[in-house]
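The values are calculated or read from the model by the stated rules, or taken from the named source; none is laboratory data. Predicted, not measured: the structure shown is a model, and the values here were computed from it. Please note: Cβ atoms are built from the backbone with ideal geometry, for glycine as well, and neighbour counts cover all protein chains shown. Only protein heavy atoms, including side chains, enter the accessible area calculation; ligands, DNA and RNA are left aside. Shrake-Rupley method; radii C 1.70, N 1.55, O 1.52, S 1.80 Å.
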Amino acid sequence: MISPGAYRAKRVYLIALTAGVLTAGIFLRLPPALFQKPDGPLRDLVALHPLPGSDQLGFDEALYRDYTDKLIRVGLISYPEIVERYREKQQTITGSILPPVRFLYIFSAYLWHQLFGSDTLTCLKNVSAVFTMFTLVLATVFAARIGGLVHAIGVGALMAFAPTQLHMSQHALVDGFFTFWAMLVLWLLWENLRAPQDWRWLAPYAVALTATVLTKENAFFVGVAIVAILIANHWLKFGVVTPELLLATVIGPLLGVVLLGMLAGGAGPLIATYHLSVSKNYELRYAILTGDGPWHRYLIDLMLASPIVLLLAIGSVFSLRRAKRTEWFFFIFIAASYLVMCNIKYGMNLRYANMWDLPLRVLAFSQILVLIGFVAQRWRSIALFAAVGLTCAFEMRNYIVMAVEYPLYELVSPELMRGLKILKSPSDLK
């Protein structure tokens, strides 16, 4: 039996490890500008921070910058004009460009500009970095709520060094920002199932659902996964599905749609905006070249980016039992959203799968716990530390190879393979 003093000492040790994991993860997500010479305030620490190899301004990044600039110039009340200009431009070009109805990301950069006066591209990158930090903290807290401090350290560490999370933190793209809101929805759903009719969980859950709709049209995939979890609860008993929870699940997205309609100038303009964006995407040469593929395309890309985590997660799926409700909860989220996402024509990109990073790492950590169960009791803590540590080291190495030594920008199969030197570029053959 452990004495109270030994228990407290162990708890302090675990809390310190958790803090260390969070510190390392947050440091790796800091914007590159902080480390660049001659003016970066953290330039002396540049050797510890792997700066991304790609410093190009991507096409989507330029659009987010332009939308933010327009919002700064015309103000929030004139946002329907920004949406209207988008429709006018989209009608005249071949191929799709991202619409300004991804409002919350643009608005967050606008607020950053109002508070700190940074240029808009810097604002967008800072918002991306900060929200991937929020995702890391959320993942750690979520894991602690599920399994205690050991889970918080294990899952938090796997998230801290996740290549796709680090990549999203370094670029002005919406997907890491969206992941935070999607994972907040998932966590709050779990809490509402465990604590039914508690308005302290219900109200934030509805707000988070609204935020996903205001952020990106991928909110539909999250909605499908949430409905699947609520249906599966009938058999798997994650918790209690109350009428209040169902009402919040409907009201949250509905409020988001209403707010988007107001921002677009009405229901008609909003529908026209989405119709243009989707239909024109089928004509976009880049989407045809990079967003197509078989249903298992995402598995291939995940295997390239995080092979050990994916294999562990798959192993966890094959060892699922009815009693493993936590693992089922995360597996259903991935499976239900995957089923829809892999059927979007010319619309597959690992950036969109960023919201699977946490569920995959929960499943991976669960499988690590199963594997170390074969180790003698007195060596299990060391085995767990070694397994998680080596996995994180491999993940970090994969990120450096793909995104630091190679100028990875877009998370599509050819670029991932070039980053890993599986696919050679013409310049490599000289």
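Some points to look at:
- Cα shape, segment 290-360, gyration tensor, a/c 1.5 rule: prolate
- Shape call, segment 247-366: gyration tensor on alpha carbons, a/c limit 1.5: oblate
- Computed over Cα pairs, the Kirkwood radius of segment 348-430 leads via Stokes-Einstein (1.567 mPa s, 4 °C) to a diffusion coefficient of 86 µm² per second.
- Neighbour net charge for residue 279 - beta-carbon separation under 14 angstrom, K R +1, D E -1: +1
- When its C-alpha radius of gyration is set against 2.2 N^0.38 Å (N residues), segment 1-142 gives a value of 1.44.
- Against the compact-protein benchmark of 2.2 N^0.38 Å, the Cα-based radius of gyration of segment 213-307 scales to 1.44.
- Separation of alpha-carbon centers, segment 63-102 and segment 341-365, rounded to whole Å: 28
- Most mobile of 382, 229, 26 in a GNM of the chain (Cα contacts under 10 Å): 382
- Solvent exposure, largest accessible area first (probe 1.4 Å, DNA, RNA and ligands not counted), of 199, 379: 199, 379
- Normalised radius of gyration (Cα atoms, divided by 2.2 N^0.38 Å) for segment 104-209: 1.17.
- Tensor-based shape of segment 282-430 (alpha-carbon gyration tensor, a/c under 1.5 rounded, otherwise prolate or oblate): oblate
- The simple Förster model, with R0 at 45 Å and r as the Cβ-Cβ distance, assigns residue 39 and residue 11 a FRET efficiency of 0.60.
- Candidates 164, 215, 242, ranked by Gaussian network fluctuation over the chain, Cα under 10 Å, top entry: 242
- Estimated FRET transfer efficiency when R0 is 22 angstrom, pair residue 371-residue 236 (beta carbons, to 0.05): 0.35
- Efficiency of FRET between residue 194 and residue 424 - r from beta-carbon atoms, R0 60 angstrom, step 0.05: 0.75
- Under 14 Å, Cβ to Cβ, from residue 331 - net charge with Lys/Arg +1 and Asp/Glu -1: +4
- The chain: most fluctuating residue of 113, 167, 275 per GNM, C-alpha cutoff 10 Å: 275
- Charge sum, other residues only, whose C-beta stays under 13 Å from residue 237's C-beta, Lys/Arg counted +1 and Asp/Glu -1: +4
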